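Chemist: Before we start, here is the structure in question, set down as structure tokens.
Just so you know, all these numbers are worked out from the coordinates, no wet-lab data involved. Note that this is a predicted model, so its numbers are computed, not measured. Because the Cβ atoms are built from the backbone with ideal geometry, glycine has one as well, and the counts that use them run over all protein chains shown.
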């Protein structure tokens, strides 16, 4: 006799089906497992020292013991203001090994900006490297958050008061034996967006999103090898360096060259010294590395390079390949997508001017940018807003349910980027919605104009932006960083572009600048250029 429940199907509940389950997953396993499997392999090259995986994990376990003694545990929120030195992975993985949530802070933030993050994230403890205590210490005091430091000499004092050193507390603490068990969907990181559209928002990332991102990328997006040596100059407080270099590199058991502050000549010397095989950077890094290559004949044995963070002009891609003999594979992503969403796979011929196809398990499409309450997908080749869904999405914006609901609609994350997806799934990013210039009613996409300017032999970098105009709505301006030793005539640059694109697109004004204002990920801050040159 078959038993039939009186309850409707929708009312049935079984914890084995509906519950959270008992699986666990931790980003800390990335370091712990490589240390277990390859304890003697080099993990980090920094200055004159090489640190093995076994040693780094032992140091991390000691740091975790000290943090645990401070009350840090599952669900705690710990901010860190640490540059690309060995203490970054020690602190980062120590907190994650305890089940805590890591809140990396931009190194250039001032006191009020740091205080905002500490307050917004409701941080329980902040670990700040000694060089940043001038801004971090008063921010911690104002927020009422306990402070620990690293990299400070013994007996260090700030304004006559001693500062607690994590190194001392780690030496006295009992190291943890193993990393804590956490649910795969538990929060692991809170990464603050750059705030280009207002107040910075904390994007909450899960252990699953980061670990699955690493595995997907290592399996069929790029091919890090255990004997690879990766350039580690991208800031680890940002999602690009944190996931693509630190976590992916450590998962494969490769070595990482640490560079706390980017300098192209120093970077090239380190790449040569340690025989680097993979370079990862943003377009501004590539421009500087091309210039550095003109000052020395030394070259590292690069297998390939990775670019992200902003569109890479094809001319710059070609110049780097010519100078270093390494092909550049460009990808696309955002803080909210952990970050990689698409990539020009290392196993396939690159498609310059595109960001390749979506990575495994991630779906990318184009939607009507004017429809806000739902996702209306557009056909292949149509221009619209890039939308993303998949395992790589953030959990949401911390404390901002309205912002989360506006960003993730019908399961799709609205990127705010305009682009196209062809029938083969190849994605081209045209521009940010907010960066598009409307001149005399015509849409001007700055990346298209920048691509033309970048091919001029005297142009190292170019940024095109709109300036308010009483008659035309907006006028097209460009800021140009000249090639080293060049002194281009702005009028000649205008003429150069005018001959190559439609009349409504070319810049009417070109400003020569020594450098372009950059955000935390190396993106050019066009709002700052608009402020400087907006009249």
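Chemist: So what's the gap between the Cα centers of the range 310-362 and the range 439-509, to the nearest angstrom?
Modeler: With the range 310-362 and the range 439-509 each reduced to a Cα centre, they are spaced 24 Å.
Chemist: Tell me, in nm to one decimal, what length is gained between residue 294 and residue 50 on full extension, where the rule is 0.36 nm per residue of separation less the Cα-Cα distance?
Modeler: Full-extension gain reported as 84.9 nm.
Chemist: Just to be sure I understand the model, the point goes 7 Å from the Cα along the line to the Cβ. What's the resulting residue 261 to residue 24 distance in nm?
Modeler: Label-label distance for residue 261 and residue 24, simple model: 4.2 nm.
Chemist: Can you give the FRET efficiency to the nearest 0.05 for residue 382 and residue 33, using r as the Cβ-Cβ distance and R₀ = 51 Å?
Modeler: Efficiency at R0 = 51 Å is approximately 0.70.
Chemist: What is the distance in Å between the Cα centres of the range 252-277 and the range 158-229?
Modeler: Going from one Cα centre to the other spans 21 Å.
Chemist: Turning to a different aspect of this structure: Could you run the Debye sum over the Cα atoms of the range 85-145, one equal point scatterer each and no solvent, and tell me log10 of I(q)/I(0) at q = 0.18 Å⁻¹, two decimals?
Modeler: -0.61
Chemist: If contacts are Cα pairs under 8 angstrom and at least 6 residues apart, what is the relative contact order of the chain in percent?
Modeler: Relative contact order comes out at 10 percent.
Chemist: A further question follows. Provide the convex hull volume over Cα atoms per residue for the range 436-533, in Å³.
Modeler: Hull volume normalised by residue count: 94 Å³.
Chemist: With runs of 4+ DSSP H residues as the only contributors, calculate the mean residue ellipticity of the chain at 222 nm using -39,500 (n - 2.57) per run, divided by the residue total and rounded to the nearest 500.
Modeler: Mean residue ellipticity at 222 nm (helix-derived): -8000 deg cm²/dmol.
Chemist: In addition: Mean separation of Cα pairs under 8 Å and 6+ residues apart, divided by the residue count of the range 262-432: what relative contact order is that in percent?
Modeler: The normalised contact order for the range 262-432 reaches 16 percent.
Chemist: Please give the FRET efficiency for residue 16 paired with residue 373, using the beta carbon to beta carbon distance and R0 = 30 Å, rounded to the nearest 0.05.
Modeler: My answer for the efficiency is 0.25.
Chemist: Given a Förster distance of 22 angstrom, what is the FRET efficiency for residue 161 paired with residue 111, based on the Cβ-Cβ distance and rounded to 0.05?
Modeler: 0.85
Chemist: What ranking, highest mean first, results for peptides 404-414, 82-92 when packing means the other Cβ atoms within 10 Å averaged over each residue?
Modeler: Ranking, from highest mean packing down: 82-92, 404-414.
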